[in-house]
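The numbers here are math on the coordinates, done by the rules we state, and not lab data. Note that the structure is predicted; figures quoted are calculated from it, not measured. Glycine also receives a Cβ, built like all others from the backbone with ideal geometry; neighbour counts cover every protein chain displayed.
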Amino acid sequence: MAYYVREPLEQRPALSSRRPTINKFFLSTYTLTIYHGCEFGCPYCDGWVYDPHGFNRAVRVPTDLPQQLEHELQQISRGDLIAITALSDPYQPAERSYRLTRQVLQVLADAGQPCLIMTKSPLILEDIPLLRRMNQTGLAIVMTTLITTDPTLATRLEGRAPLPALRLDLLARLHHAGIPTGVALVPLIPYVNDSNTSMRRLLHDCQQRGVDFAIWDYLYIPDRQHRHRVAETLAHVGTFPSSYYRDLYGDGVAPHDHYRRERDLDMLRICDDLGLPAFAPHALYAGKLDPRNEATLLLRHSALRSQYLGQQRMADQHHQLADQVYAGGPISPELRQSVLWPQLAPLLDPPAS
């Protein structure tokens, strides 16, 4: 069990700086961390890189966070989405004692600020009335991470995190309550949870529970110490050759491009077969964000799909146009000639009333 340290922000910012580019997975322009440190302590988490010794043993509790956030919200647009998706779970066990996440959501609800919450914990179900209220006047999306439906494998890979069955139930109950939901297959770990069979089974289970969209990303290994931690975790899963990292990662942080290209295409095809959108569909956030943010996301998601399909020229074009739109630049001829212009025009060039 972790120990908790009450540590007020004392005028330190609650929100991150505004992102230079919108986050295509989480729709966000700002990030908010509730607790610092995470009792779940999943060994693949990048949080260990920043706190290699006490990441899951000491959880810092910024007791004045709701008040600081309320002040900062006066300076940002109601069309910008805030993602509570940082390196700690907002509904980890500390939430039972401090209810900081609930207080934060109440502040966001009062302000009409869109948000996306990422959690593995069924504790969020206690806040369904608040999430419903937020979706009546704005937007509150809930995502959970799922990397396997096998409880034994999950225990070996995720330690103290709630079991997959609890997270699938969480998704079903949120869907029944009318809360938009997404699932993050993060990380895909080569040779462990990345087979087409296991991913199709997992995505099918999510689709059956009404999930609105899925995203995925890969195991990242930022430094040598994290590589050693991951290797120790994998030793509890199976036997891996000594060349495992060298062949797939080389000296890089992520698996080689050719591996990611193959997996991205397979994952996209599985999602398409199941009728499960890869990334949040526009209908989920239409009219809930700043029009330029909506347009940027349409372009980024189109670029990502083109990239997965190997259409690099189209992907590059839409990435560049997304950057132009997000930066607030004028409407360029290239943008008007885009295949997406019929969708973008009502957002960026609405007819005069």
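Overview of results
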item: Inter-label distance, nm, simple model (7 Å from Cα along the C-beta direction), Gln337/Glu262; result: 3.7
item: Average Cα contact separation per residue, the range 39-181, under 8 Å, 6 or more apart, as relative contact order %; result: 27
item: In order through the range 115-125: 3J(HN,Hα) via Karplus (6.51 cos²θ - 1.76 cosθ + 1.60), integer Hz, x for Gly, Pro; result: 8, 10, 10, 10, 8, 9, 9, x, 4, 4, 4
item: Cα radius of gyration and Dmax for the range 92-187 (Å); result: 13.7, 42
item: Radius of gyration and maximum dimension Dmax of the range 292-348, Cα, Å; result: 10.3, 30
item: Contact order relative to length of the range 196-353, as percent, for alpha carbon pairs under 8 angstrom and 6 or more apart; result: 22
item: Relative contact order (%) - criterion: Cα under 8 Å, at least six apart; region: the chain; result: 15
item: Centre separation in Å (Cα based) which lies between the range 26-57 and the range 171-223; result: 19
item: Extension gain from Glu232 to Asp64, taking 0.36 nm per residue of separation minus the Cα-Cα distance; result: 56.7 nm
item: Residues in the range 115-129 reached by a label modelled at Ile76 [backbone nitrogen below 18 Å; 7 Å Cα→Cβ]; result: 115-119
item: Karplus-derived 3J(HN,Hα), 6.51/-1.76/1.60, for each residue of the range 188-193, Hz, glycine and proline x; result: 7, 10, x, 6, 10, 10
item: Residue order, fewest to most surrounding Cβ atoms within 10 angstrom, among Phe55, Phe240; result: Phe240, Phe55
item: Fewest-first sequence of Val49, Val61 by Cβ atoms within 10 Å of each Cβ; result: Val49, Val61
item: Spin-label model distance (nm) - Arg269 vs Ala283, 7 Å beyond Cα toward Cβ; result: 2.6
item: Placed amide H near Leu185: partners under 5 Å, 5+ positions off or other chain; result: Leu146, Ile215, Trp216, Asp217
